[in-house]
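What follows is a single structure, written as structure tokens, with notes after it.
The values are calculated or read from the model by the stated rules, or taken from the named source; none is laboratory data. Values in this document were obtained by computation on a predicted structure and should not be read as measured data. A quick note on method: Cβ atoms are made from the backbone with ideal geometry, for glycine too, and the neighbour counts reach across all protein chains shown.
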Amino acid sequence: MQNLSKTAKDIIRNIFVLSAVEVILGTILIIIFFETSLILGYVFGIIYGTIIAAARTAHLEKSINASIKLDDQPAAVKYFRFMYVIRTVATAAALVIAFWLNPIISVAAVAISLLNAPIVVYVYKFMGKDGR
């Protein structure tokens, strides 16, 4: 995490903040509308998905930086696409693990928290913190 840019660190921090809000609001909604036995699986799902989302964000920045350092443009494109495939496979594997461990880890909570990264990026850009 030390080698990441300020922007990536801010995005990862905000992913964790949004996840904390989701845990609080989701727990309240589960208490109101569902059985309280679902809370633990929901919280574990949010935590698991948040860790995956943060790791994907860090991996994305490292992939971008590594591909920029490559002198050969076709090699850089090939490298970046391969890293994209790795992130996609890792995300699919995370969801498969969540399905396998369902009810311990809520699949819906994992899916919700995986969406935190793009949400945070759009909010970050909308708030004008992208350096412009």
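Can you tell me how many residues in segment 1-16 are exposed (fewer than 12 other Cβ atoms within 10 Å of the Cβ) and not charged (D, E, K, R)?
4
Pairs only if they're at least six apart or on different chains, beta carbon under 7 angstrom, first in segment 57-82 and touching a residue at least 24 places away in the same chain (Cβ under 8 Å) and exposed (fewer than 15 other Cβ atoms within 10 Å of the Cβ), second of a type in the set (Gly, Ala, Ser) and part of a helix (DSSP H, G or I); list them, first residue then second.
none
Applying the selection to segment 39-53, what residues are over 17 Å from the mean Cα position of the chain (by Cα) and surrounded by fewer than 19 Cβ atoms within 10 Å (Cβ to Cβ)?
Kept after step one, since they are over 17 Å from the mean Cα position of the chain (by Cα), are these residues of segment 39-53: 39-41.
Of everything in segment 39-53, those that are over 17 Å from the mean Cα position of the chain (by Cα) and surrounded by fewer than 19 Cβ atoms within 10 Å (Cβ to Cβ) turn out to be ILE39, LEU40.
Given (1) modelled with pLDDT of 95 or more; (2) more than 16 Å from ALA111 (Cα to Cα); (3) of a type in the set (Ser, Thr, Tyr); (4) in contact with a helix residue (DSSP H, G or I) (Cβ under 7 Å, 6 or more places away or on another chain), where does TYR48 come up short, assuming only one miss?
Among (1) modelled with pLDDT of 95 or more; (2) more than 16 Å from ALA111 (Cα to Cα); (3) of a type in the set (Ser, Thr, Tyr); (4) in contact with a helix residue (DSSP H, G or I) (Cβ under 7 Å, 6 or more places away or on another chain), TYR48 violates only (2).
Determine if segment 108-128 includes at least one residue that is in contact (Cβ under 8 Å) with a residue 24 or more places away in the chain, of a type in the set (D, E, K, R) and either crowded, with 17+ Cβ neighbours inside 10 Å or within 22 Å of LEU4 (Cα to Cα) (or both).
no
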